[in-house]
Amino acid sequence: MPLYTKPFTSKSEQTPQRDLFVCLCVSQVLNKSPHVFSQLWLTFAPVADQSAKFLGASLEQINWLSLVYMVVAIPLSFGTTWMLDTLGLRTTLILGAWLNMAGALLRFLGAFVQKGPAFPLKYLLVMCGQTLGALAQPLIIFAPTKMAALWFPEHQRAIANTMASMSNPLGILVASLSSPLIAETPERIPYLLLVYAVPACIICVLATVGMRSSSPPTPPSASADSSSSEPFFKGIKLLLTNRAYLVLLLCFGSGIAVFTCFSTLLEQILCVQGYTNTFAGVCGALFIVSGIVGAILLGVYVDKTKRFIEATKINMSLSALSCIAFSVVALMQQQKVAVAVVCSLFGFFGFSIYPVAMELSVECSYPVGEATSAGLVFVSGQIQSVLYIVLLQALTKRLADSPLSTCGDAVLSWKVPMMVMAGLCAFFTCCFVIFFHTRYRRLEAEERPVYGTGRRETPTTSESAPSVKA
C-alpha cells in the first residue's frame, strides 16, 4: 500500500459539497422505497388480499411478486459487485434507475389488460415489471458501503452508510402505510401502481443528470486513496477462506432473511387473529421508524467508539429476543398494544444492525473490495430469504373456521411457521455471538501509513475498543 501523505481534512481539498450531496441522495433515492424512492419490492405485500383478487392470483402467487426480488438478485449480485468495484458508482446507479423506472411503468400498464381470456396476462405483465425492478435492486442496494468508503473519512463512514442504507426500511415504511390507504378495494390497485411509477420516473431523471462522478477528486481517507483492493475473483477466493467473514455471511444473512419474512408476511400473519390491514400497516410503520431511530443512534455510537463487534452482537441478541416475543404475541387476539410494542422493539434492535454489519464485513475482509464483501452478505440474505419464505409457507395449515379473521377466503394458521422463524433467528444469533472474532483490518491499514503504527490487537469482546486518531 502506498504511503498516504495528503491532508485529508484540508479545506482546499475537501470533497465538493454538490457531488457529495448528489451521491448520498441518489444512493438513498434509489434504494428500495416504493413511494418516496420508487423501489417496487413491497407494493403488494400490505394489500395481498386485494392484489390477489385484482390479478386473479392466489396468495402464494402474490408472495412471489416479492420473492422474485430475492431469486433474481442471487445470480445478478455477482455481476453487480464487479460493476461497482470496476465500473464505479455512477454507471451502476444510473443503470439501476432506468431498470427501476421500466419495471414501474410496465406494472402500471399491465394493470389495464382487460379481463376475460387474457386475464392471466395481467399477472404476467405485473410479474415482468417486478422482475425488472428486481434486476435494479442489487445495483442499488450494494451502493451504500462503496459510497461510504469512497466519499467519507473513517470517522463518518458508519453514519454515512446508515443514512443511505436506511432508505431501504423507509421504503418499507411508506409501502406499509400507503398501500392499504390507497388500495382499499381491488379496483384501486392501478392507482397504487401509478403512485409508485411517478417517483420512479423522477428518480431516473435525477440519477441520470445529477450524478457526474463516481468518486471525489481528493480521497477522504487512506483506504479510499489506496488502489490495493484485490481483483474480483481473487477477492471472492479470499472471502471464502476467511473464517470470520463466513460466520458473518451465514449468520447475518439469516437475519436479513428473517426481516424479509417479517416484511413480506406481516399482513397475512396478523389478519388471522382479526387485525386489519391498516393495523398491520401501522405495525410495519412502527417497525421501520424504530429501526431508523436505532440505526442512527448506533451509527453515531460506532463512528465514535469503533465497537463494531460489540454493537452487532448485543443488538443481534436483543433482536432475537424480540423475534421470539413476536412469534408469541402475533398469535394472540385483541392484543394490539403488545403486538405494536414488540414490532417496535424488533425494528429498533434489528434494523440498526444492518449498516454496522455491512461496515464490519469490510473491516474483517479488507483489502477485498467493499462492494464484493458487502454484496456477498446480501446474496446470502437473499438465498436464505427465498428458503425461509418457501419453508414458512409450506408449514402453514388451512383453518376450517376462524370467525375473527380478516384474511378473506384463504385463512392459514401461522403458529408453526412463527415458532420455526423464531428458532432460526435464535440459533444463528447464538452462532454469531460465540464464533465471530476478527481484527479491524481496514482501520489497521489506515493507521499504518498515517501514523506508522503496527498491527493493532483489536478486541472481540467488550474489554476495550479500537481507537483511531482523527
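The values are calculated or read from the model by the stated rules, or taken from the named source; none is laboratory data. These numbers come from a predicted model, not from an experiment. Positions of Cβ are generated from backbone atoms using ideal geometry, with glycine treated the same way; all protein chains shown enter the neighbour counts. We work out accessible area using only protein heavy atoms, side chains counted, and drop any ligands, DNA or RNA first. Shrake-Rupley method; radii C 1.70, N 1.55, O 1.52, S 1.80 Å.
When the Cα atoms of the stretch 272-391 are enclosed in a convex hull and the volume is divided per residue, what value in Å³ results? Don't skip to the answer; put the middle values down first.
On the way: hull volume 13.7 nm³, N = 120.
Enclosed volume per residue, from the Cα hull, is 114 Å³.
Rolling a 1.4 Å probe over the protein chains gives Met419 an accessible area of about 90 Å². Remark on Leu412: its backbone amide H falls under 5 Å from those of Leu399, a criterion applied only to residues 5 or more positions apart or on other chains, H modelled at 1.01 Å from N. Across the stretch 263-278, coupling constants 3J(HN,Hα) worked out from phi with the 6.51/-1.76/1.60 Karplus curve, θ = phi - 60°, read 5, 6, 9, 4, 5, 5, 6, 7, 5, 4, 8, x, 7, 7, 4, 5 Hz, and Gly and Pro carry x. The gain in end-to-end length when the Val293 to Ile202 segment is fully stretched comes to 30.0 nm, 0.36 nm per residue minus the alpha carbon separation. If R0 is 25 Å, the Cβ-Cβ spacing of Asp401 and Leu181 corresponds to a FRET efficiency of close to 0.25.
Tell me, what is the FRET efficiency for Arg188 and Leu391 to the nearest 0.05, using R0 = 25 angstrom and their Cβ-Cβ distance as r?
On the way: r = 33 Å, r/R0 = 1.31.
Efficiency, rounded to the nearest 0.05: 0.15.
Provide the FRET efficiency to the nearest 0.05 for the Ala426-Val209 pair, computing r from the beta carbons and using R0 = 41 Å. Plugging the Cβ-Cβ distance into 1/(1 + (r/R0)^6) gives 0.30. Distance between the C-alpha centres of the stretch 38-103 and the stretch 269-303: 21 Å, rounded to the whole angstrom. Computed from phi, the 3J(HN,Hα) profile of the stretch 233-238 under the Karplus parametrisation 6.51, -1.76, 1.60 (θ = phi - 60°) reads 5, 5, x, 4, 5, 4 Hz, with x in place of Gly and Pro.
Computed 3J(HN,Hα) for the stretch 255-260, one whole-Hz value per residue from the Karplus formula 6.51 cos²θ - 1.76 cosθ + 1.60 where θ = phi - 60°, is x, 4, 5, 4, 6, 5, glycine and proline marked x. Per the Cα gyration tensor, the stretch 326-420 maps to an equivalent ellipsoid with semi-axes of 36, 18, 9 Å, ordered largest to smallest.
Sorting check: for 90-99, 355-364, which peptide has the highest mean count of neighbouring beta carbons within 10 Å, and how do the rest follow? Numbers along the way, then the final one.
On the way: 90-99: 21.4, 355-364: 26.9.
Descending mean neighbour count gives 355-364, 90-99.
Taking all protein chains into account, the per residue accessible area for the stretch 279-348 stands at 38 Å² (1.4 Å probe).
Evaluate the Kirkwood expression for the hydrodynamic radius of the stretch 45-134, namely the inverse of the mean inverse distance over all pairs of different C-alpha atoms, and round to one decimal in Å. If you can, show how the numbers build up before the last one.
Numbers: mean 1/r = 0.0702 Å⁻¹.
In the stretch 45-134 this quantity evaluates to 14.3 Å.
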